[in-house]
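Engineer: Pasting in a structure now, in structure tokens, and then I'll have a few things to ask.
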Amino acid sequence: MLHNYSRIMSNRISIAIHGGAGTISRGQMSAEKEAQYKTALSEALEAGYAILSGGGTSLDAVEKAVTVLEDCPLFNAGKGSVFTHEGTHEMDASIMEGTGRKAGAVAGVSGVRNPIQLARLVMEHTEHVLLIGEGAHAFARQQRVAFEDAAYFYDELRYRQWQEALKSNSMMLDHSPLKEQKFGTVGAVARDAHGHLAAATSTGGMTNKLFGRVGDTPVIGSGNYVNDATCAVSCTGSGEYFLRGVVAYDVSCLMEYKGYSLEQACEEVVQRRLVKIGGDGGLIAVDHLGNICLSFNTDGMYRGRKSGDGEMEVSIYK
């Protein structure tokens, strides 16, 4: 019986995604808009799950799920990225696998259609982990990744967000309250049938950001982290606080060194340690057994999960 249970657990596939956390109120969202978000999340979730159920790798699954979210203008990543102070788009992304803990990331890239795909190329075709700005662009051209012009990334609501931020001379998180809201750093975590874990995270950063600001998303250990022995984590929220709290790695550390369960570790980090330093946001995580945790300390987080038994959930509010 124990041997059979072990075999079942070793083949357990799981995937979770997020599309941003923040002040998400039922009263501020129309039924139509809510349906659009849930449809987009479901499409990304199913795209990643299809790879896992077909025997594919967790790395392929998270890259695919995030690519689908990057192509959706509802989220602050890829096509839906926010405007910088100069009126451009600077995107960050990272991807990591848990077997050899290899990782790739890019920061401050413009015009790249799918930054998450470029991040994976950094992992697989360079000796580096993180490439930024013009260096990342040169590498992208070498790898023949898809570029798009500025019109592709233009979105009317993002433009209005930027104009509002310019007037107040401030930076705004993608989940700052507006009459009409769009949230969005996106991410995915997965466990494949071989027991391997992976995580991917992508973002357009903060509206009206200055000086080449980079948040936690492309920083391994802060916004993204994976270890096959513990968990895979993808974060979303106030990037500066996730950087200072080394949030993604902190979850793994509590599991590895203190014997916490995935749920205990996420609860400790998101609801206590992050709050203690003033941080808001959330994370998604999957452990080495396929257990999933979706934890956030905000009013809501766009999120979805699906496990090997076919059970699926797509949610927005707390």
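Engineer: Scale the Cα Rg of region 13-317 by the rule-of-thumb value 2.2 N^0.38 Å and send over the ratio, two decimals. Please list the in-between numbers first.
Structural biologist: Numbers: Rg = 17.3 Å, N = 305, 2.2 N^0.38 = 19.3 Å.
Taking N as the residue count of region 13-317, the ratio is 0.90.
Engineer: Going by a ≥ b ≥ c, the root eigenvalues of the Cα gyration tensor, does region 224-292 fall in the rounded group (a/c under 1.5), the prolate group (a/b larger than b/c) or the oblate group?
Structural biologist: Details: a/c = 1.95, a/b = 1.65, b/c = 1.18.
Judged from the Cα gyration tensor, region 224-292 comes out prolate (a/c at least 1.5, a/b above b/c).
Engineer: Full-extension gain between Gln264 and Glu32, please, as 0.36 nm times their residue separation minus the C-alpha to C-alpha distance.
Structural biologist: On the way: separation 232, 0.36 × 232 = 83.52 nm, distance 3.58 nm.
Fully extending the segment from Gln264 to Glu32 adds 79.9 nm.
Engineer: Which of the residue pairs Lys64/Lys102; Lys102/Lys258; Lys167/Lys318; Lys209/Lys318 have a Cα-Cα distance greater than 26 Å in the structure shown?
Structural biologist: Numbers: Lys64/Lys102 18 Å; Lys102/Lys258 24 Å; Lys167/Lys318 32 Å; Lys209/Lys318 29 Å.
Exceeds cut-off: Lys167/Lys318; Lys209/Lys318.
Engineer: What aspartates and glutamates sit close enough to Lys276 to cross-link, taking a C-alpha to C-alpha distance under 17 Å and skipping anything fewer than 8 places away on the same chain?
Structural biologist: Glu240, Asp250, Glu267, Glu268
Engineer: Label points 7 Å out from Cα along the Cβ direction at Phe211 and Glu127: separation in nm?
Structural biologist: Each label point is offset 7 Å from its Cα along the Cβ direction, giving 3.3 nm.
Engineer: Something else about it: Counting helices only, and only those DSSP H runs with n ≥ 4, report the 222 nm mean residue ellipticity of the chain as the sum of -39,500 (n - 2.57) divided by its residues, in deg cm²/dmol to the nearest 500. Mind showing how you got there, number by number?
Structural biologist: On the way: 10 runs with 109 residues, N = 318.
It lands at -10500 deg cm²/dmol.
Engineer: Also, quick follow-up: What is the calculated FRET efficiency for Glu164 to His194, with r their C-beta to C-beta distance and R₀ = 45 Å, to the nearest 0.05? List each step's numbers first, then the result.
Structural biologist: On the way: r = 48 Å, r/R0 = 1.06.
The formula returns an efficiency of 0.40 here.
Engineer: Under the rule a/c < 1.5 gives rounded, and otherwise a/b versus b/c splits prolate from oblate, where does region 264-318 land using the Cα gyration tensor? Don't skip to the answer; put the middle values down first.
Structural biologist: Values: a/c = 3.94, a/b = 1.56, b/c = 2.52.
Taking the square roots of the gyration eigenvalues as a ≥ b ≥ c, region 264-318 is oblate.
Engineer: Let me ask something else. Tell me, what is the FRET efficiency for Lys276 and Arg141 to the nearest 0.05, using R0 = 35 angstrom and their Cβ-Cβ distance as r?
Structural biologist: Working: r = 44 Å, r/R0 = 1.25.
Plugging the Cβ-Cβ distance into 1/(1 + (r/R0)^6) gives 0.20.
No lab work stands behind these numbers, since they all come straight from the coordinates. Remember, predicted model here, so these are calculated numbers, not experimental data. Neighbour counts run over all protein chains shown; Cβ positions are idealised from the backbone, glycine included.
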